[in-house]
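Notes follow once the structure below has been shown.
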Amino acid sequence: MYPPPHPNISYRNQDSDAAIRLTDSDAALARLSAVKKGYMQDPFIKHLIPRAHLQPPRPPLINIGTYVRSEAIDNLIDEWLEISCQDGKKCQLVSLGAGSDSRFWRLATGPHKDKLAAYIEVDFPDVTTKKAMALRKSRELSAILGSPEQIKISHGGTALHAKNYHLLPVDLRLPPSESLATFLAKPLSDNPSNPILSHSLPTLLIFECVLVYMSPEASSALIQWFVDYFHQGSSSTVAGGHAPLAGIVYEMFGLRDAFGQVMLNNLKSRNVVLPGAEPYPTISSLPHRFLKHGFTTCHALSLREIRRHYTNHSELKRISSLEMLDEVEELNLVLEHYGITWGIKLPDASDAASNLSWGKWGLKPAEKASEEME
Ligand SMILES: C[S@@+](CC[C@H](N)C(=O)[O-])C[C@H]1O[C@@H](n2cnc3c(N)ncnc32)[C@H](O)[C@@H]1O
């Protein structure tokens, strides 16, 4: 969720990748602001942002949007973990374009901590270098990664490996077989029999506001690489195959209307373009992101729908008491241009019971209708 261009920042001389990398600060500062204002809890984000205590709060509209998006994605991930990790099974999550996200630390200290076999974060090398430095600097964050001997820095400081956490420097627009695969499909030196990304564990791909910056072709190649990786894993040549592959995407959509054009122009003046939004003019177009790769169950909801129909009345009441919001119309306009899409690709031989439980993966409708909050 982006603020308009800052009047004191000159964006003109920035290369466009630098401008894309800067969107990580927007996301992290929005989260920090929502946490400071009491929308949600996250004891870790302040350790990932330089001078966090000096950062000014974001406007209520951005705080609310950040809250709706984070709660919805957290709920989807919690439910995915519950369905995937029955009977003591472990699973792995891959966050593409993870930036300064704190989700690993929240999961690794929460009720699902024993279910994480691996949590893998990928971003541009500049971003992973900064994150690796922040992790080493913060006692709170590195203690959760493991003992000092378990934390290893590699690739000139751009990559970091711990017990069940990996931070990897990759430009996701490059052909995955030549870039991402060189990290994920290769064994670690101290564990030569297993690649970082297991072929056989249930896996969730998290694309939280990243595919929108890439061409549709590059995004498709990326998702297809994961599909092929697990398809290969389900063949008899790889022990323990048959891993379900799930994905969650959060991003802007529907940008062909007047409000969408304003969003695009705001970003253009910051040197950011959104080629990835072009094929998705409506909410009903979003599931194609996964359906075209053979995913079976796919859903998409706008943040406006999620706030209205999937957020409990008591929560809406609580957050509406935190700050005055004057611009309800504008809030709705913004929220209807951001969507969350999720889908699952089950192995070909899946039984009826797993089809049934995955068919139910989704957000729970709110306990009470919240029209009065509109
Ligand atoms: C808006 S931020 C979102 C960060 C994080 N996912 C979150 O939601 O808090 C977008 C992130 O995607 C990363 N990103 C964008 N394009 C990328 C690419 N081609 N390769 C790797 N990372 C990319 C940026 O560097 C940035 O960290």
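Coordinate-derived values only; no laboratory data. Please read these numbers as outputs of a predicted model, since none were measured by experiment. Positions of Cβ are generated from backbone atoms using ideal geometry, with glycine treated the same way; all protein chains shown enter the neighbour counts.
Starting at the first residue of the range 172-188, write each ³J(HN,Hα) from the Karplus equation 6.51 cos²θ - 1.76 cosθ + 1.60 with θ = phi - 60°, in whole Hz, x for Gly and Pro.
5, 7, 6, x, x, 5, 9, 10, 4, 4, 5, 9, 6, 8, 9, x, 6
Quick check: from the Cα gyration tensor, does the range 7-109 come out rounded (a/c under 1.5), prolate or oblate? Walk me through the intermediate numbers first.
Numbers: a/c = 2.35, a/b = 1.68, b/c = 1.40.
Since a/c reaches 1.5 and a/b is larger than b/c, the shape of the range 7-109 is classed as prolate.
Work out the FRET efficiency for Leu291 and Ala185 from their Cβ-Cβ distance, taking R0 = 35 Å, and round it to the nearest 0.05.
Values: r = 26 Å, r/R0 = 0.73.
The pair Leu291/Ala185 has a calculated efficiency of 0.85.
So what's the gap between the Cα centers of the range 172-222 and the range 29-67, to the nearest angstrom?
Measuring centre to centre over Cα atoms gives 29 Å.
Taking 41 Å as R0, compute the FRET efficiency from the Cβ-Cβ separation of Met133 and Ser320 and round it to 0.05. Before the final figure, lay out the partial values.
Working: r = 39 Å, r/R0 = 0.94.
E(calc), rounded to 0.05, equals 0.60.
Would you kindly state how much longer the chain becomes between Lys163 and Asp74 on full extension, computed as 0.36 nm times their sequence separation minus their alpha carbon distance, in nm to one decimal? Provide the component values of the computation, followed by the final result.
On the way: separation 89, 0.36 × 89 = 32.04 nm, distance 2.27 nm.
Gain on extension, Lys163 to Asp74, equals 29.8 nm.
Pick from His337, His53, His231 the residue whose mean-square fluctuation is largest in a GNM of the chain, springs joining Cα atoms under 10 Å.
His53
Once fully extended, how much extra length lies between Asn312 and Ser25, figured as 0.36 nm per residue of separation less the alpha-carbon to alpha-carbon distance? It would help to have the intermediate numbers written out before the result.
Numbers: separation 287, 0.36 × 287 = 103.32 nm, distance 2.95 nm.
Taking Asn312 through Ser25 to full extension adds about 100.4 nm, to one decimal.
Can you give the extra length, in nm with one decimal, that the chain gains between Asp171 and Glu149 once fully stretched, where that is 0.36 nm per residue apart less the Cα-Cα distance? Please report the intermediate quantities before stating the final value.
Working: separation 22, 0.36 × 22 = 7.92 nm, distance 2.84 nm.
Full extension of this stretch gives 5.1 nm more.
Over the chain, what is the mean sequence separation of C-alpha contacts under 8 Å (at least six apart), divided by residue count, expressed as relative contact order in percent? Before the final figure, lay out the partial values.
Numbers: 613 pairs, mean separation 63.0, N = 374.
Relative CO of the chain lands at 17 percent.
Label points 7 Å out from Cα along the Cβ direction at Asp15 and Lys268: separation in nm?
Each label point lies 7 Å from its Cα, and together they span 2.4 nm.
Rounded to the nearest 20 debye, what is the charge dipole size of the range 57-373 about its Cα centre when +1 sits on each Lys and Arg Cβ and -1 on each Asp and Glu Cβ? Before the final figure, lay out each step's value.
Values: 31 positive and 35 negative charges, 138 e Å.
Value, rounded to 20: 660 debye.
What pairs in Lys36/Lys137; Lys37/Lys268; Lys131/Lys360; Lys90/Lys186 have C-alpha atoms more than 32 Å from each other? Before the final figure, lay out the partial values.
Details: Lys36/Lys137 22 Å; Lys37/Lys268 30 Å; Lys131/Lys360 36 Å; Lys90/Lys186 20 Å.
Result: Lys131/Lys360 exceed 32 Å.
Based on the alpha-carbon gyration tensor of the chain and its eigenvalue square roots a ≥ b ≥ c, which shape applies: rounded if a/c is under 1.5, prolate if not and a/b is larger than b/c, or oblate? Intermediate values should be presented prior to the final figure.
Values: a/c = 1.43, a/b = 1.23, b/c = 1.16.
The shape class here is rounded.
When the helix-only estimate is applied to the chain (DSSP H runs of n ≥ 4, each -39,500 (n - 2.57), divided by the residue count), what is the mean residue ellipticity at 222 nm, nearest 500 deg cm²/dmol? Write out the running numbers ahead of the final one.
Values: 13 runs with 141 residues, N = 374.
Taken over the chain, the calculation gives -11500 deg cm²/dmol.
Apply the a/c threshold of 1.5 to the C-alpha gyration tensor of the range 40-185 and tell me whether it is rounded, prolate or oblate.
On the way: a/c = 1.36, a/b = 1.09, b/c = 1.24.
Since a/c stays below 1.5, the shape of the range 40-185 is classed as rounded.
Could you list, in their original order, any pairs among Lys113/Lys152; Lys46/Lys115; Lys113/Lys292; Lys46/Lys317; Lys163/Lys292 whose Cα atoms are separated by more than 29 Å?
On the way: Lys113/Lys152 21 Å; Lys46/Lys115 25 Å; Lys113/Lys292 33 Å; Lys46/Lys317 26 Å; Lys163/Lys292 35 Å.
Among Lys113/Lys152; Lys46/Lys115; Lys113/Lys292; Lys46/Lys317; Lys163/Lys292, the Cα-Cα distance tops 29 Å for Lys113/Lys292; Lys163/Lys292.
Run the quick spin-label model on His53 and Lys364: label points 7 Å from Cα toward the beta carbon, then report their separation in nm to one decimal.
3.8 nm
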